[in-house]
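The values are calculated or read from the model by the stated rules, or taken from the named source; none is laboratory data. Predicted model only: the values in this text are computed from it and were never measured. Note: ideal-geometry Cβ built from the backbone for every residue, glycine included; neighbour counts use all protein chains shown. For the accessible areas, the whole protein counts, side chains as well, though only heavy atoms, and no ligand, DNA or RNA atoms are used. Shrake-Rupley method; radii C 1.70, N 1.55, O 1.52, S 1.80 Å.
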Amino acid sequence: MTETYKFKFVNRVPVVTKDGASWMVDTGCPFSYPDPRVALKKATQDFHGLPGLRVMGLDSLRRYTKIDYPNAEIVTSDEPIEGGEDMVQVVARFGRPCSVTMTVGAETHDFFIDTGAAYSYLHNLSTSYHEEGVVQDNGFSGRTWTARVRRVPASYKAISFEVLCADALENCEMVPSQGVIGYDFFNRFVVLMEKL
């Protein structure tokens, strides 16, 4: 079985409509939350401006999922999905976010990538990068915070792009030691995720 969702960006995260309800697609979340009273606190729904917002986590996605931000489309299927040579292939294991080896700023290692991350967060982010301003961000806990976002050069397989990053200390959620790369990675590359 294959399902195709067209989505819209709401505060830099993908939101699809399914069964008449709004669902935030969050590949960093292992479970879905179909009940909006449990899924997100009211502060999170208010932040996104979508009362009744639900969370579509990894468990709602089929074995293969193509995340195509440039075409605002997510395809999830039980069967392999064909893709071009430039498609980034990642593996999702239960309880572990997908990771990709790339360079962000001066660091090269496996960074977690997450569709639920509007902005990227690194530990000990250098203040030498150009500051774009202060943004509001929001996490699964329902808390909202402000963060100073900097434009940081990045590259994946010799393809250069930029990510808007803040220091992990400015994030009220737990940021893994590898850091989290969000919207900007998916906006640059089509990602094919396989669940194992």
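Taking GluC sites (Glu not before Pro) as exposed when DSSP calls them loop and at most 15 other C-beta atoms lie within 10 angstrom, the chain has its longest site-free stretch at 86-196.
In the set [x] 10.4; [y] 9.4; [z] 12.5, the label that goes with mean projected area of the Cα convex hull in nm² computed for this structure is [x].
What's the carbon and sulfur percent of the chain's accessible surface, probe 1.4 angstrom, rounded to a whole number? Walk me through the numbers on the way to the answer.
Details: 4700 of 9610 Å².
Result for the chain: 49 percent of the exposed heavy-atom area is carbon or sulfur.
Between the range 121-196 and the range 14-28, what's the alpha-carbon centroid distance in Å? Here the answer is 21 Å between Cα centres. The relative contact order of the chain, computed from alpha carbon pairs under 8 Å that lie at least 6 residues apart in sequence, is 25 percent.
Tell me, what is the per residue accessible area of the range 1-118 in Å², probe radius 1.4 Å? Could you put the intermediate results ahead of the total?
Details: 5820 Å² over 118 residues.
That works out to 49 Å² per residue.
Once backbone amide H atoms are built at 1.01 Å from N, Leu125 has Ala168 as its partners under 5 Å, excluding neighbours fewer than 5 places away on the same chain. Under the combined filter of DSSP loop state and at most 14 neighbouring Cβ atoms within 10 Å, the range 123-196 retains these trypsin sites (Lys or Arg not before Pro): Lys157.
Taking a straight Cα-Cα cut-off under 13 Å and skipping sequence neighbours fewer than 8 places away in the same chain, the aspartates and glutamates within cross-link reach of Lys66 are Glu3, Asp78, Glu79, Glu82, Asp86, Glu194. Computed about its Cα centre, the charge dipole of the chain is approximately 440 debye, with only Lys, Arg, Asp and Glu carrying charge at their Cβ.
For Ser22, the residues whose modelled amide H falls within less than 5 Å of its own, excluding neighbours fewer than 5 places apart on the same chain, are Arg54. Shape verdict for the range 104-143, please, from the Cα gyration tensor: rounded (a/c under 1.5), prolate (a/b greater than b/c) or oblate. Taking the square roots of the gyration eigenvalues as a ≥ b ≥ c, the range 104-143 is oblate.
Taken one residue at a time, the phi angles of the range 10-25 give Karplus couplings (6.51, -1.76, 1.60, θ = phi - 60°) of 10, 6, 6, 10, x, 10, 10, 10, 9, 6, x, 10, 8, 10, 7, 8 Hz. Gly and Pro are set to x. The helix-only estimate of mean residue ellipticity at 222 nm for the chain, built from DSSP H runs of length n ≥ 4 each weighted as -39500 (n - 2.57), is -2000 deg cm²/dmol after division by the residue total. The accessible-area ordering, largest first, of the residues Ile159, Ile113 stands as Ile159, Ile113, per a 1.4 angstrom probe.
The residues Leu53, Leu196, sorted by heavy-atom accessible surface at 1.4 Å with ligands and nucleic acids left out, run Leu196, Leu53 from largest to smallest.
For Glu132, the residues whose modelled amide H falls within less than 5 Å of its own, excluding neighbours fewer than 5 places apart on the same chain, are Val149, Arg150, Arg151.
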